[in-house]
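Below: one structure, written as structure tokens.
The values are calculated or read from the model by the stated rules, or taken from the named source; none is laboratory data. Quick caveat, the model's predicted, so the values are computed rather than measured. For neighbour counting, all protein chains shown are included, and Cβ atoms are generated from backbone atoms with ideal geometry for every residue, glycine included. Surface areas here come from the heavy atoms of the whole protein model, side chains and all, with no ligands, DNA or RNA. Shrake-Rupley method; radii C 1.70, N 1.55, O 1.52, S 1.80 Å.
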Amino acid sequence: MATAPDRSGAPAHASESVRHWVLEVAARTRPDHVHWCDGSEAEYRHLLRGMQADGSLLQLNPDRFPGCWLHRSNPSDVARVEHLTFVCTEQREDAGQNNHWMAPAEARRKMDALFAGCMRGRTMYVIPYCMGPVDSPYSRCGVEITDSAYVAANMKLMTRMGAAALARIAKDGKFVKGLHSIGQLDPERRFIMHFPESLEIQSFGSGYGGNALLGKKCHALRIASWQARDEGWLAEHMLIVGVQNPEGEIHYLACAFPSACGKTNLAMLIPPASMPGWKIWTVGDDIAWLHPGPDGRLWAINPEAGYFGVVPGTNEKTNRHAYEMIRHDTIFTNVGLTRDHEPWWEGLDAGKPAYDWQGRPYDPANGPAAHPNSRFTVSAKQNPSYSPQADAAAGVPITALVFGGRRRSLAPLVYQARDWAHGVLVGAGMASETTAAASGDVGIVRRDPMAMKPFAGYNFGDYWAHWLAMPGRVKKLPGIFHVNWFRRDAQGRFLWPGYGENLRVLAWIVERCHGKAAGLDTPIGAVPTRDALDFAGLDIDEATIAELLAVDRAAWRQEADEIGQYLESYGARLPAALREQVTRLKSRLT
Ligand code: OXD
Ligand code: MN
């Protein structure tokens with residue numbers, strides 16, 4: 001399917017450096033065939049049919065779910081593996097204690113042994129991709145080489161992949177090299193290595209999205225955060241959403257929440273009946289690249305072109321847009337299956353699972369039918385609230401940055417940082433309960449600064465210093481806010497209804513940025529006054545409203561101590577200005 005192949009099989013517009021690298025990898029990994037992906041629909045269909053033939057993809061009911069497929073992964077390969085993910089910088093301190101580190105030479109030795117001859121009997125797919133609109137100066141390109149057709153098909157949905165990306169690489173002269181093999185899917189022979197100094201990724205032994213679709217977490221966050229620091233911008237784990245008010249003005253927010261905390265739902269929010277005339281536009285649901293723009297504002301692009309979202313819980317009430325968008329042309333991974341070959345997951349009102357995510361006859365004794373981290377992969381264009389601005393080369397101007405975690409207590413529904421430097425502390429002090437998106441225990445509160453704990457490609461101390469330096473680059477800085485949709489009462493019930501009602505909070509944030517909404521100064525920042533946030537029509541009593549907006553000074557004193565201790569663990573790399581912010585917070589709390 002490549003155009004005008006030469007002797008290396010490369011299309012005519014492939015740059016010398018890409019050709020050279022592909023030949024070198026082929027010599028190491030020894031594939032039977034090399035396929036250069038052109039990104040066409042015909043190629044995508046060919047990949048799907050091939051996987052259907054080898055049994056790695058099941059076609060779902062074509063009448064009810066046209067163009068939809070089910071992939072069941074190896075049961076040991078269902079999430080990101082943070083303990084096997086390394087940042088390999090020459091100096092250990094550059095990776096920071098926030099990352100697992102391995103010396104580059106040692107990592108290369110390990111990976112060379114794993115990759116040697118690993119593609120024998122397999123096809124090697126060469127996937128040129130562009131993260132961001134192909135014509136945007138803010139976009140960056142990469143090439144992923146993989147022996148997985150599932151990865152190639154997912155990359156087609158998740159990125160701008162193929163001929164146009166290859167042409168841009170030839171122009172840029174620079175690209176991220178991502179080498180991936182599923183190996184034997186053996187958890188004992190699984191590593192995700194990053195070499196930010198040479199813009200390289202090597203991933204072996206996993207086919208799971210975050211470990212294998214290298215454009216996503218590996219490139220667009222870990223490698224890109226390093227590039228962003230060098231080049232003066234930010235690569236963040238943030239959704240980007242346009243909030244349109246009844247006057248027709250659209251304001252864009254970029255919001256950082258840890259994995260599986262509702263970024264996709266917030267990015268596609270359906271306004272509640274109580275807010276007629278409001279509309280939400282989705283620019284991105286997971287990653288934002290934020291650049292100082294020529295007008296002094298911060299501009300954002302979504303580097304991705306699709307969504308790799310958590311399936312369970314998706315229904316008409318929680319996320320109607322997602323529910324509609326995944327009814328056609330979607331790859332499902334690890335959901336259950338009904339007798340009629342429809343996908344099934346927990347949170348659906350209708351249907352019954354006949355098989356669980358492992359293909360076993362469904363038995364509740366084995367756990368949920370769909371894996372808690374089961375996923376859909378779908379082109380962003382299928383989202384009914386897709387913003388046309390998602391393809392704008394200039395990106396969208398950002399009015400506010402919003403941080404948020406999953407906290408059952410302490411953090412109020414919403415508060416605003418006093419200024420940029422305090423906002424950096426608000427982000428750096430974030431904590432959240434762990435979720436099924438990564439292997440390991442679920443529900444443990446851990447520090448997750450800027451929701452980037454698993455994704456910052458360098459030392460958090462340096463990362464905060466980079467954030468603190470942004471006022472030197474961006475004249476009209478966005479406001480910084482913190483939200484918490486997950487407060488619970490003593491019985492464990494959520495205090496806030498969430499989902500569409502979150503728009504009430506976004507509206508306060510936007511109005512606050514324009515000096516129109518009232519706030520009450522507290523030691524942690526400004527919370528809405530009782531009447532500035534619209535609670536009308538919600539089934540919430542006054543005591544609950546007070547609790548949602550309350551700042552418990554004693555509890556916050558303890559939190560400030562814990563944040564301070566956590567930040568101090570970064571030692572000499574902790575910026576003095578952040579330490580100073582902790583001191584000020586503590587003194588405001590006493
Ligand atoms: C994701 C994640 O898949 O954060 O987006 O794990
Ligand atoms: Mn994510």
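Here are some notes:
- Relative contact order computed over the chain (Cα-Cα under 8 Å; 6+ residues apart), in percent: 14 percent
- When each of the peptides 318-327, 87-96 is scored by the mean number of other C-beta atoms lying within 10 Å of its residues, the order from highest to lowest reads 318-327, 87-96.
- The range 208-255 shape via C-alpha gyration tensor axes, a/c threshold 1.5: oblate
- Mean separation of Cα contacts under 8 Å, 6 or more apart, over the residue count of the range 75-229: relative contact order %: 25 percent
- Carbon + sulfur, % of accessible area of the chain - ligands and nucleic acids excluded, 1.4 Å: 51 percent
- Placing R0 at 22 angstrom, the Cβ-Cβ distance between Asp531 and Glu511 gives a FRET efficiency of 0.95 after rounding to 0.05.
- The H on the amide N of Val34, modeled in the peptide plane, is under 5 Å from the matching H of Met124, each at least 5 residues off or on a different chain.
- Cα gyration tensor shape for the range 234-335, rounded if a/c is under 1.5, else prolate or oblate: oblate
- For Asp329, distant residues with modelled amide H under 5 Å away: Gly67, Cys68
- The overall shape of the range 304-453, judged from the alpha-carbon gyration tensor, is oblate: a/c is not under 1.5, and a/b is no greater than b/c.
- Protection proxy ranking for 101-107, 174-180, 305-311, using the average of other Cβ atoms within 10 Å per residue and placing the highest first: 305-311, 174-180, 101-107.
- Per-residue ³J(HN,Hα) for the range 348-360, Karplus 6.51 cos²θ - 1.76 cosθ + 1.60, θ = phi - 60°, Hz, x for Gly and Pro: 7, 7, 9, x, 9, x, 9, 10, 8, 5, 8, x, 7
- Ordering of 485-494, 144-153 by burial proxy (mean other Cβ atoms within 10 Å per residue, highest first): 144-153, 485-494
- Where both bridge residues fall in the chain, DSSP classifies roughly 65% of the beta bridges as antiparallel.
- Around the amide H of Thr435, modelled in the peptide plane, lie the amide H atoms of Gly443, all under 5 Å away and 5 or more residues distant in sequence or on another chain.
- For the pair Ala572 and Tyr323, a Förster radius of 51 Å applied to the C-beta separation gives a FRET efficiency near 0.55, rounded to the nearest 0.05.
- Put the Cα centre of the range 261-306 next to the Cα centre of the range 227-251 and the gap is 6 Å.
- A 1.4 Å probe run over the protein chains yields, for the range 1-131, 48 Å² of accessible area per residue, whole-number rounding.
- Separation between Cα centres of the range 404-434 and the range 150-182, rounded to whole Å: 35 Å
- Directionally averaged shadow of the chain, computed from the convex hull of its alpha-carbon atoms, nm²: 25.7 nm²
- What the phi angles of the range 442-451 give under the Karplus curve with 6.51, -1.76 and 1.60, with θ = phi - 60°, is a coupling list of 9, x, 8, 6, 9, 5, 9, x, 6, 6 Hz, glycine and proline written as x.
- Over the chain: helical MRE at 222 nm, DSSP H runs n ≥ 4 each giving -39500 (n - 2.57), nearest 500: -7500 deg cm²/dmol
- Per residue, the range 439-488 exposes 33 Å² of solvent-accessible protein surface, assessed with a 1.4 angstrom probe and all protein chains in place.
- Across the range 452-590, the relative contact order, built from alpha-carbon pairs under 8 Å that are at least six residues apart, equals 26 percent.
- Looking at the range 140-275, the accessible area is 24 square angstrom per residue; that uses a 1.4 Å probe and ignores ligands, DNA and RNA.
- Within the range 425-556, the ratio Rg/Rh, alpha carbon atoms throughout and Rh by Kirkwood, equals 0.98.
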